[in-house]
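Chemist: The structure follows.
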Amino acid sequence: MKKMTNYTKAQPKTIKNLFNNIAKRYDFTNSVMSFSLSKRWNRQIAQLAMQNSSDHFSMLDLCSGTGAVAFECLKHTSGSSQAYLLDFSAEMLKIAKAKSQQENFKMHAIEYLEADAQKIPLANALVDFSTIAYGIRNIYDPAKCFQEVYRVLKPGGCLAILELTRPNNRFLRFGHKIYLKFGLPLIGKLLTRDKNAYEYLCQSINSFVAPKEIEQILNEKNFTNIRSIPLAGGIATIILAFKK
């Protein structure tokens with residue numbers, strides 16, 4: 001059996017290349033591999049993140065990828081808003097720009113930032129809320145990222161994190177483990193011709209810390225009202241936190 005390539009967060013350039021390579025098929029592949037659950041989860045995180053915001057909000061979508069979560073937020077507001085989409089993958093942002101034109105978001109101001117989520121190039125207290133979907137496990141130092149998010153959030157602003165996690169139920173956990181080991185890399189290879197990217201995804205899910213540990217880091221960075229919401233038996237989790 002071929003040995004799995006050891007991709008880790010210590011190799012950001014390698015990870016960046018992986019996401020650049022799969023950008024064109026990323027949305028479709030995610031939908032297939034999650035049995036379309038990713039679309040529902042994107043709607044949920046968008047609704048939760050913007051629940052206390054007005055129709056004229058300013059938002060930051062970190063690790064934005066092709067903009068799925070940011071655009072979900074913009075679809076559900078009647079007022080003109082500001083969205084900052086930040087990602088380290090130029091190809092992902094290129095797809096996001098094309099999607100925004102198709103969706104006709106002319107009433108909104110959208111900026112695309114190719115940058116590091118640990119060094120957000122925005123002013124203090126600028127945005128009403130921030131989202132991070134399927135990306136925190138790819139950030140080398142989550143604590144630095146949370147510190148930066150806290151800085152750019154307005155007082156009372158929400159940080160909403162959506163991440164793939166490991167179920168607590170042992171039977172579901174066993175099936176989930178088998179799917180990650182065999183099913184997901186195979187589907188990824190068939191749909192994107194890049195098995196390595198989805199081998200990395202499996203590794204990153206298996207090595208990612210539990211939501212409770214993320215909650216602890218958020219607490220240490222002065223966030224308040226922190227809570228986790230398990231989805232589909234815990235195969236994904238939304239974590240909400242607020243700036244004091």
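The values are calculated or read from the model by the stated rules, or taken from the named source; none is laboratory data. Here the structure is a predicted model, which means the values were calculated and not measured. With ideal geometry, Cβ positions are generated from the backbone for all residues, glycine too; neighbour counts draw on all protein chains shown.
Chemist: Name the residues in the stretch 5-36 that are over 17 Å from residue 180 (Cβ atoms), at pLDDT below 75 and outside any helix (DSSP H, G or I), would you?
Modeler: If the condition is that a residue be over 17 Å from residue 180 (Cβ atoms), at pLDDT below 75 and outside any helix (DSSP H, G or I), then 9, 10, 11 are the ones that fit.
Chemist: For the subset of the stretch 41-52 comprising residues that are in contact (Cβ under 8 Å) with a residue 60 or more places away in the chain and either outside any loop (DSSP other than H, G, I, E, B) or among the charged types (D, E, K, R) (or both), which member is nearest to residue 175 (Cα to Cα)?
Modeler: Restricting to residues being in contact (Cβ under 8 Å) with a residue 60 or more places away in the chain and either outside any loop (DSSP other than H, G, I, E, B) or among the charged types (D, E, K, R) (or both), the top hit is 41.
Chemist: Here's a follow-up. So in the stretch 65-86, with the set limited to residues that are in contact (Cβ under 8 Å) with a residue 60 or more places away in the chain and touching a Leu at 6+ places or on another chain (Cβ under 9 Å), which one is surrounded by the fewest Cβ atoms within 10 Å (Cβ to Cβ)?
Modeler: Going residue by residue through the stretch 65-86, those that are in contact (Cβ under 8 Å) with a residue 60 or more places away in the chain are 65, 68-70.
Keeping just the survivors that are touching a Leu at 6+ places or on another chain (Cβ under 9 Å) gives 65, 69-70.
Values: 65: 23, 69: 28, 70: 29.
Going through the qualifying residues, I end up with 65.
Chemist: List the number of the failed condition for residue 96; all other conditions in (1) at positive phi; (2) part of a helix (DSSP H, G or I) hold.
Modeler: For residue 96, the failing item is (1).
Chemist: Give the residues of the stretch 99-120 that are more than 17 Å from the chain's Cα centre (by Cα), acidic (Asp, Glu) and in a strand (DSSP E or B), sorted by residue number.
Modeler: Taking the stretch 99-120 and keeping what is more than 17 Å from the chain's Cα centre (by Cα), we get 99-111.
From what is left, the residues that are acidic (Asp, Glu) are 103, 111.
Listed by number, the list holds a single entry, 111.
Chemist: Please give the number of the condition residue 134 fails out of (1) on the phi < 0 side of the Ramachandran plot; (2) modelled with pLDDT under 95.
Modeler: (1)
Chemist: Identify the residue in the stretch 139-149 that is surrounded by 20 or more Cβ atoms within 10 Å (Cβ to Cβ) and touching a helix residue (DSSP H, G or I) at 6+ places or on another chain (Cβ under 9 Å) and, among all such residues, is nearest to residue 242 (Cα to Cα).
Modeler: Our first condition is that a residue be surrounded by 20 or more Cβ atoms within 10 Å (Cβ to Cβ); within the stretch 139-149, this holds for 139, 142, 145-146, 148-149.
Next, from what is left, pick out any that are touching a helix residue (DSSP H, G or I) at 6+ places or on another chain (Cβ under 9 Å): 139, 142, 145-146.
Numbers: 139: 20, 142: 16, 145: 15, 146: 11 Å.
Within the stretch 139-149, the match that is nearest to residue 242 (Cα to Cα) is 146.
Chemist: Got a sec? Which of 160, 123 is loosely packed, with under 14 Cβ neighbours inside 10 Å, among the hydrophobic types (A, V, I, L, M, F, W, C), touching a helix residue (DSSP H, G or I) at 6+ places or on another chain (Cβ under 9 Å) and not in a helix (DSSP H, G or I)?
Modeler: Numbers: 160 fails: loosely packed, with under 14 Cβ neighbours inside 10 Å.
Only one candidate qualifies: 123.
Chemist: Now for a different question. If residue 52 satisfies all but one of (1) modelled with pLDDT under 95; (2) under 24 Å from residue 18 (Cβ atoms), what's the number of the condition it fails?
Modeler: Failing condition for residue 52: (2).
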